[in-house]
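Some notes on the structure that comes next.
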Amino acid sequence: MTDFLVNISPAWPIIIAGLIAAIIPNSNLRKGLALGAPVLAAILWMSAEHGQHGIIMFGGFELTTFRFDGLSRIWGLVFIIATFLNGLFGLHEKDRVTDAAGLIYSGAALAAVFAGDLLSLFLFWELTAISSVFLIWAARNKAAYRAGLRYLAVHVLSGVLLLTGALIRASETGNWAFEHIGLDSPGGLLIFLAFGIKCAFPFMHNWLQDAYPKATVVGTVILSAFTTKMAVYALARGYAGEDSLIYIGAIMTAFPVFFAVVENDLRKVLSYSVNNQLGFMVVGIGVGTHLALNGVAAHAFADIIFKGLLFMSMGAVLHRVGTVKASELGGLFKSMPLTTIFCIIGAMTISAFPLFSAFVTKSMILAAVAQEHHWLVFGVLIFASAGVLEHSGIKIPYFAFFAHDSGKRVKEAPANMLIAMAIASVLCIFLGIYYVPLYNLLPFQDAVYEPYTFDHVVGQMQLLLGAIFAFAFLLKVGAYPSEKRSINLDTDWFYRRFGDGIVRWAWTMLGRLSASIDNVIARSKTRMGSRLHEVFSPIGSLSRDIPSGVLTIWTSALLAIVMLVAYLAP
């Protein structure tokens, strides 16, 4: 029995549960699947042995559907934890679409992490795109429908690039193995772009801010956990040590700060913070040392939990109040005290306060960057660390639960939401204090790191207290940027304004061209009708007497043509 379990990927129980949930009308049974499937997946994860399992033959190639090693092990565990917490958080919701799509999407992302070849990766890569879009459409409004279409188009493009690159690489190497790929071939470059789209690289990122805030309360929490972290895993597997990632990641950490500070939608603020935290991981992958890659794995683990906690807290606010606009909130600590506490824990974690999980994970990446003497990038990461404290560590809890009193008095979040947030909060604190179990899961045990040194603790507290003082000072003197109560554009300007303008212009030109063609056809019909009438009408030219001279000329001409053809014929 144990040998049988070893060959089964932990992803299959979750995917199968999602397919069953799609056809079960009873919501209680669906919720049982949502909680039971990740438990079964955890059992399979604990039973797994290092190595390649689930090997099948396809088209003469050997495909590995379940690879369990140091890198996939830690990602697999946190994906299973996230699946369980998401199921618990959505326990109150009776939406079959969300239940089924959430499970299939979570299972597909888990299967992609365990895929040992590029073809298997592509199949699950596309399944995540197709299943996750229903979490956006489940909001059932026009904005969500349009955002979902844009989201789907971007992610299908990522899949097309991945498959094309995989085909080119397979033709070059003779196999589909998903190992280190690099950028020294066209196939490798196409796969890199595919990963970059899902990882929300600069100029490829705005699908995230466009779609996540428009999904359902539960859907946004689920979306925040898997797609981008799956892409981080793929980059760590295929492109570790690529120098370009250092600079791409540095840009990713910095630019969201400027957009998040003026954003009014707090779920969109958190979406920008996703870009920010991904940037740290991408930098670590670019550095590529064992310490850096350990930091990437550890921070991805912590980020899935604390970012999920923050999205849960804002989801609870949206569920009870009906809005997450900063300008319409405030004073909610009076009626949602537990949600307030959980949100503050998430905010302190993402800000990397000592005794919270991000303090022991993000610092590994910073230490690796410093060891390799990338001082300019190190400075950008320090700036970004202060920025994330400002927009996610302070702005989110302050404007949602404190600031001015909006006068809204609502019920506390449902019990299942509170339990899910409580578990995530405990994990954030536990891993920040007792980090040994997390470090033992890291892929490279030869990279020793101690987070709680005097210099690190003091330096981090100086950074945090300085950022808090700056926020308080700007707020006091009235210089803190006010939220823009409109749609704030960054790279989506190209399709919201420029692209939309081109489409409107093209549509207008097409209408004018169609009208011109219709006019030409109508006028031609009129002229042709007049000519035909002149020829065939009772008073037309065919009805007139033909002069004998003209008839003689035509007869002679036709006879000359016939004689010429007869002469030239062989």
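Checking Ala358, Ala352, Ala347 one by one, the residue that is buried (at least 24 other Cβ atoms within 10 Å of the Cβ) and not in a helix (DSSP H, G or I) is Ala352 and no other. Just one of the listed residues (Asp243, Asp303, Asp265) is surrounded by 24 or more Cβ atoms within 10 Å (Cβ to Cβ) and acidic (Asp, Glu), and it is Asp303. Helices (runs of 4 or more DSSP H) fully within the stretch 152-264 that include at least 2 residues being in the same structural domain as Ser120 (by TED's automatic domain parsing) and not small (Gly, Ala, Ser): 206-211, 217-238. When the stretch 243-265 is filtered for residues that are within 21 Å of Ala403 (Cα to Cα) and under 19 Å from the mean Cα position of the chain (by Cα), the ones remaining, listed by number, are Val257, Phe259, Ala260, Asp265. Of the listed requirements (1) surrounded by 17 or more Cβ atoms within 10 Å (Cβ to Cβ); (2) of a type in the set (D, E, K, R); (3) under 27 Å from Ile80 (Cβ atoms), Glu179 misses just one: (1). Mind counting the residues in the stretch 39-75 that are crowded, with 18+ Cβ neighbours inside 10 Å and on the phi > 0 side of the Ramachandran plot? Count: 1.
Of all the residues in the stretch 450-471, those that are buried (at least 17 other Cβ atoms within 10 Å of the Cβ) and either under 14 Å from Ala367 (Cα atoms) or of a type in the set (Ser, Thr, Tyr) (or both) number 3. Just one of the listed residues (Phe280, Phe311, Phe301, Phe306) is part of a helix (DSSP H, G or I), touching a residue at least 24 places away in the same chain (Cβ under 8 Å) and more than 18 Å from Asn86 (Cα to Cα), namely Phe280. Can you find even one residue in the stretch 158-169 that is in contact (Cβ under 8 Å) with a residue 40 or more places away in the chain and within 13 Å of the chain's Cα centre (by Cα)? Within the stretch 158-169 (the criterion being in contact (Cβ under 8 Å) with a residue 40 or more places away in the chain and within 13 Å of the chain's Cα centre (by Cα)), the answer is yes, since at least one residue qualifies.
A single entry from Leu110, Leu118, Leu127 fulfils the requirement of being assigned by TED's automatic domain parsing to the domain that holds Ile20, within 16 Å of Leu223 (Cβ to Cβ) and out of contact with any Pro (no Cβ under 7 Å at 6 or more places or on another chain): Leu127. If you check Arg140, Arg96, Arg146 for being surrounded by fewer than 23 Cβ atoms within 10 Å (Cβ to Cβ), of a type outside the set (A, V, I, L, M) and either in contact with a Lys or Arg (Cβ under 6 Å, 6 or more places away or on another chain) or in contact (Cβ under 8 Å) with a residue 60 or more places away in the chain (or both), only one passes: Arg96. Applying the set (1) at pLDDT 95 or above; (2) buried (at least 21 other Cβ atoms within 10 Å of the Cβ); (3) farther than 23 Å from Gly18 by Cβ to Gln209 leaves exactly one unmet item: (1).
Within the stretch 437-467, restricting attention to residues that are part of a helix (DSSP H, G or I) and in contact with a Leu (Cβ under 7 Å, 6 or more places away or on another chain), which residue is modelled with the highest pLDDT? Even if it seems obvious, please write down each step before you answer.
First pass over the stretch 437-467, keeping only residues part of a helix (DSSP H, G or I): 437-440, 454-467.
Those left that are additionally in contact with a Leu (Cβ under 7 Å, 6 or more places away or on another chain): 438, 464, 467.
Working: Leu438: 96, Leu464: 90, Ala467: 85.
So the residue we want is Leu438.
Are any residues in the stretch 373-417 touching a Ser or Thr at 6+ places or on another chain (Cβ under 8 Å) and either outside any helix (DSSP H, G or I) or outside the structural domain of Thr253 (by TED's automatic domain parsing) (or both), and if so, which ones? Once the filter is applied, which keeps residues that are touching a Ser or Thr at 6+ places or on another chain (Cβ under 8 Å) and either outside any helix (DSSP H, G or I) or outside the structural domain of Thr253 (by TED's automatic domain parsing) (or both), the stretch 373-417 yields Lys408, Arg409, Val410, Lys411, Glu412, Ala413.
Taken over the stretch 218-256, the criterion of being within 30 Å of Phe89 (Cα to Cα) and among the aromatic types (Phe, Trp, Tyr) is satisfied by Phe226, Tyr233. For Phe311, are the conditions met, namely being over 22 Å from Phe255 (Cβ atoms) and hydrophobic (A, V, I, L, M, F, W, C)? Against the criterion (over 22 Å from Phe255 (Cβ atoms) and hydrophobic (A, V, I, L, M, F, W, C)), Phe311 does not qualify. Screening Ala370, Ala422 for residues that are assigned by TED's automatic domain parsing to the domain that holds Thr253 and either within 21 Å of Ala298 (Cβ to Cβ) or part of a loop (DSSP other than H, G, I, E, B) (or both) leaves exactly one candidate, Ala370.
Does Glu62 satisfy being within 27 Å of Tyr151 (Cα to Cα), assigned by TED's automatic domain parsing to the domain that holds Ala225, among the acidic types (Asp, Glu) and touching a residue at least 60 places away in the same chain (Cβ under 8 Å)? Full working, then the answer.
Values: within 27 Å of Tyr151 (Cα to Cα): no; assigned by TED's automatic domain parsing to the domain that holds Ala225: yes; among the acidic types (Asp, Glu): yes; touching a residue at least 60 places away in the same chain (Cβ under 8 Å): yes.
No: the conditions fail for Glu62.
Counting residues in the stretch 163-174 that are buried (at least 21 other Cβ atoms within 10 Å of the Cβ) and either under 27 Å from Ile419 (Cβ atoms) or in contact with a Lys or Arg (Cβ under 6 Å, 6 or more places away or on another chain) (or both) gives zero. Residue check: is Ser9 part of a loop (DSSP other than H, G, I, E, B), under 27 Å from Thr173 (Cβ atoms), touching a helix residue (DSSP H, G or I) at 6+ places or on another chain (Cβ under 7 Å) and in contact (Cβ under 8 Å) with a residue 60 or more places away in the chain? Taking the combined requirement at face value, the residue satisfies it.
The values are calculated or read from the model by the stated rules, or taken from the named source; none is laboratory data. Note that the structure is predicted; figures quoted are calculated from it, not measured. Don't worry about glycine lacking a Cβ; one is built from the backbone with ideal geometry, like all the others, and counts go over all protein chains shown.
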